[in-house]
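Right, one structure below, let's go through it.
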Amino acid sequence: MDAYRPDVDAMQSLGFFGKLRLAVHAMVALSKNIVDPWGQLAFQWAMDGRGIARVMERARATPDGVSLLTERPRFDLDLARCATMPEGSLGRFLFDWFRAWRLEPFAPRRAPRGDLEYFVDRLFFTHDVWHATVGLGTDLRNELRFLGVLLSQYGSGSAVLALAAGWFKVPAEYGWRAFAALPFEVWRFYRWGKGCKPLSFVRWEDYLEQPLERVRKELLAKDRPRIGEWQAWPTARVVLPPQVTRPNEGAGELASS
């Protein structure tokens, strides 16, 4: 099964059954290595191609979208540079957030050869920037809440599948009360995300040195759901649920505002 690894050009030409086969192979690859670059890319093309195509079509009808398609800026998040940015800026918050959650920015792929491929990459590279800006971490429960925001922005087949699979993992980690509450939490974040600006078209490169709270005020809707560890929203703190252990180095610094 691992021998079947079509490139992006082949992925774009697949029909329904071809994408179904691609999704199966991608899931097998990711079950062996969750950060397998081909598996991640293939899963996006198999499950999200139509949704991202709709994003691309909307982009062609908006000034921000046209700008992205014309210039195709590559989002290359340099955390070392972000670490030197002023306290309270989006860039410095991203540095703290990525360190706290033990994440690395997604590695660049080949230069996109078309608008659709560009938006597939764009949404892939900025996924964790959305996470940080809306204030939701990458533990299971927050990931599922975040998928509600993502689905409010564009139709994502992979998000629907991840929601279904993740929901059934909730009882083992959080208990049955959380299992029952989660659909309502996801729905609340979905409705809230509908009021946010189209994050797919945001040029995050231009916002890194701006104050985090100004960025949130400009891009995000008011009345963000206050649930779980985020009762005190808005906050510039990097908040980790009890299930996630901080790195020892710099833990106190990361917890401060």
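With a 1.4 Å probe rolled over the protein heavy atoms of all chains, the accessible area of Thr138, Thr126 falls in the order Thr138, Thr126, largest first.
Taking amide H atoms as placed 1.01 Å from N in the peptide plane, the amide H of Ser89 lies under 5 Å from those of Leu212, each 5 or more residues away in sequence or on another chain. Bridgeable lysines around Lys169 (alpha carbons under 28 Å apart, same-chain partners fewer than 8 residues away excluded): Lys19, Lys32, Lys194.
Calculated over the chain, the projected area of the Cα convex hull averaged across directions stands at 14.0 nm². Using equal-weight Cα scatterers in the Debye expression, the normalised intensity of segment 85-194 in log10 at q = 0.10, 0.11, 0.16, 0.20 Å⁻¹ is -0.34, -0.41, -0.83, -1.15. Using a probe radius of 1.4 angstrom, the carbon and sulfur fraction of the accessible surface of segment 17-144 is 58%. If you sort the three axes of the alpha carbon gyration tensor as a ≥ b ≥ c, you get a/c of 1.5 or more for segment 91-142 and a/b above b/c, which makes it prolate. Heavy-atom accessible area, probed at 1.4 angstrom with all protein chains present, ranks Asp206, Asp223, Asp96 as Asp223, Asp206, Asp96, highest first.
Over all pairs of different C-alpha atoms in segment 1-87, the reciprocal of the mean inverse distance, the Kirkwood hydrodynamic radius, equals 15.3 Å. Counting charges near Pro211 (Lys, Arg +1; Asp, Glu -1) among other residues having Cβ under 11 Å from its Cβ returns a value of 0.
At full extension, Arg109 and Val24 could sit 28.4 nm farther apart than now, given 0.36 nm per residue minus the alpha carbon distance.
The mean of 1/r over all pairs of different alpha-carbon atoms in segment 131-225, once inverted, gives a Kirkwood hydrodynamic radius of 14.0 Å. Across segment 123-138, rounded Karplus estimates of 3J(HN,Hα) from the backbone phi angles (6.51 cos²θ - 1.76 cosθ + 1.60, θ = phi - 60°) give 5, 5, 5, 9, 3, 6, 5, 4, 3, 5, 5, 7, x, 10, x, 10 Hz, Gly and Pro being marked x.
Remark: segment 95-108, residue by residue, has Karplus-estimated 3J(HN,Hα) of 4, 4, 5, 4, 5, 5, 8, 6, 10, 10, x, 5, 6, x Hz, where x stands for each Gly or Pro and the curve is 6.51 cos²θ - 1.76 cosθ + 1.60 at θ = phi - 60°. Per-residue surface analysis assigns Glu143 an accessible area of about 50 Å², computed on protein heavy atoms at 1.4 Å probe radius.
Global size of segment 43-106: 15.8, 40 Å for Rg and Dmax (C-alpha atoms, Rg to one decimal, Dmax whole). In the context of the full set of protein chains, residues of segment 22-117 present 50 Å² of accessible surface per residue (probe radius 1.4 Å, heavy atoms only).
Please turn the phi angles of segment 56-66 into ³J(HN,Hα) values with the Karplus equation 6.51 cos²θ - 1.76 cosθ + 1.60 (θ = phi - 60°), one per residue in order, whole Hz, x for glycine and proline. Calculated HN-Hα couplings, in order: 4, 5, 5, 4, 5, 10, 10, x, 5, x, 4 Hz. Roughly speaking, what is the centre-to-centre gap between segment 4-37 and segment 121-174 when only Cα atoms are used, to the nearest Å? Spelled out, the Cα-based centre of one part sits 20 Å from the other.
The values are calculated or read from the model by the stated rules, or taken from the named source; none is laboratory data. What you see is a predicted model; the values in this text were computed from it and never measured. When we count neighbours, we look across all protein chains shown, and the Cβ atoms used for this are built from the backbone with ideal geometry, even at glycine. When the accessible area is computed, the model is the full protein with side chains, heavy atoms only, and any ligands, DNA or RNA have been set aside. Shrake-Rupley method; radii C 1.70, N 1.55, O 1.52, S 1.80 Å.
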